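Below is one structure, written out as structure tokens; the observations come after it.
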Ligand code: ADQ
């Protein structure tokens, strides 16, 4: 069997207890490595003044972890700069927040080249290479330039917007061309796939071979939707367990007879957290009888705090939260509870289960795993209701949710009210529809579908003569 080589910006090594990182990607990729030898290559998360050109190797079970350190300049330019300050906002349709710098872009290309050089020395001819996300778009092009002819797949976790939006980003033409150096490009939704194919066809003299396949300069790339999924059985089993964690116990105790509304997101402007708090405020204003009868718990661990737009968001969230709690709170009732820690998956599952409403209202999101986790964790006899943004990739699959436009706080407020008042039969019917789909397309389906398709690709002589 061909060895699987995964490349991602960060590498997640299982911890000594064997549980490892709780992140969705870590769980997905652990599934992909089941039953086969693998290599996982990427950034260690560490910064060093003189990083080695060779990765540090760690063996765990049948997987080798290859870890590269970065210099402080690499981290600033490649990661915080181009990836998170230029690419991320544009790919989430926030052109006005995108800060392009030539130095950052050069750093992004430099780190991709360094990674490709170090990785190429570890690659065997029949390895299947699976690259993840927006940090590493040019990696295949760099590997091809070094003479590699392996099958290389790419999965894109965040949206691929319409060509007019992507086109605003300097360097986007080169990135589009680089995408065609992959044999298989997986995106979250049919809309992303359509946007990406249109982008390539509009920008270059490319040909559409079949509905999915684009040919450019003798290379062929298949661009297709592979909606990422979750570990369904893990969530279904964890959710009903008795509350042992402090947060879960305290939440249950403080709720009394109140209904819980829950939001769980990384603190990111794409997730629409202040907008959601304002929609909740609108719900309280429009439904004064609900005051004191609901609690909204927002869990939002900080992320990318070195990026100025994230620090600004953190301030906005604190101000919005303080204002709403100040204006509407009463002795004995705080409308919005806000916590910023990371929690074990079992705790999140328990919280999802007791929440009558799951509020997942990103302004844009590639997929949004929280939406799926919330549904998976519900009690089949008495499920809660998911309120879901039409701009989350998950909305293409989860038609049983109340679908909203997060830009309209009145619409979100009305959906919260409808969710709290929905009768049991309708809640069960909607939940069942979503569960059928989530069970069918779970994480094992996702990894198998992508890898099977990648392995089945005709091996093209994509290697280019070294420059
Ligand atoms: P993210 O933007 O990180 O992922 P999301 O899909 O919601 O967004 O995944 C977040 C994960 O982190 C979930 O599994 C969630 O349970 C977990 N998480 C969130 N808060 C937590 C907390 N306080 N403690 C512990 N765990 C927490 C990117 C894209 C998404 C895409 C995923 C996967 O932006 O659109 O769905 O990749 O492809």
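For the peptides 121-133, 140-152, residues were scored by their other Cβ atoms within 10 Å and the scores averaged per peptide; the highest-first order is 140-152, 121-133.
For the stretch 232-440, DSSP calls about 5 percent of its internal beta bridges antiparallel.
The protection proxy used here, the mean number of other Cβ atoms lying within 10 Å of each residue, ranks peptides 423-433, 332-342, 258-268 as follows, highest first: 258-268, 332-342, 423-433. Across the chain, Cα pairs under 8 Å and at least six residues apart give a relative contact order of 15 percent. Dividing the helix sum by the residues of the chain, where each DSSP H run of 4 or more adds -39500 (n - 2.57), gives a mean residue ellipticity at 222 nm of -11500 deg cm²/dmol. Contact order for the stretch 55-175, expressed relative to its length and based on alpha carbon pairs under 8 Å spaced 6+ residues apart, stands at 25 percent.
Taking label points 7 Å from Cα along the Cα-to-Cβ direction, residue 334 and residue 448 give a separation of 4.6 nm. When you restrict to C-alpha pairs under 8 Å that are six or more residues apart and normalise by the size of the stretch 232-440, the relative contact order lands at 26 percent. Spacing of the modelled spin labels on residue 53 and residue 379, each 7 Å from Cα toward Cβ, amounts to 6.2 nm. Restricting the count to DSSP beta bridges whose residues both fall in the chain, what percent are antiparallel, rounded to a multiple of 5? Here the antiparallel bridges make up roughly 20 percent for the chain.
If R0 equals 35 Å, the separation of the Cβ atoms of residue 429 and residue 201 corresponds to a calculated FRET efficiency of about 0.25. If one computes the Cα centroid of the stretch 147-183 and of the stretch 343-358, what distance in Å separates the two points? Cα centroid to Cα centroid, the span is 36 Å. Among 406-415, 382-391, sorting by the average number of other beta carbon atoms lying within 10 angstrom of each residue, highest first, gives 382-391, 406-415.
Rule-based calculations on the coordinates, nothing more; no lab input. Owing to the predicted nature of the structure, the values given are computational and were not obtained by experimental measurement. Because the Cβ atoms are built from the backbone with ideal geometry, glycine has one as well, and the counts that use them run over all protein chains shown.
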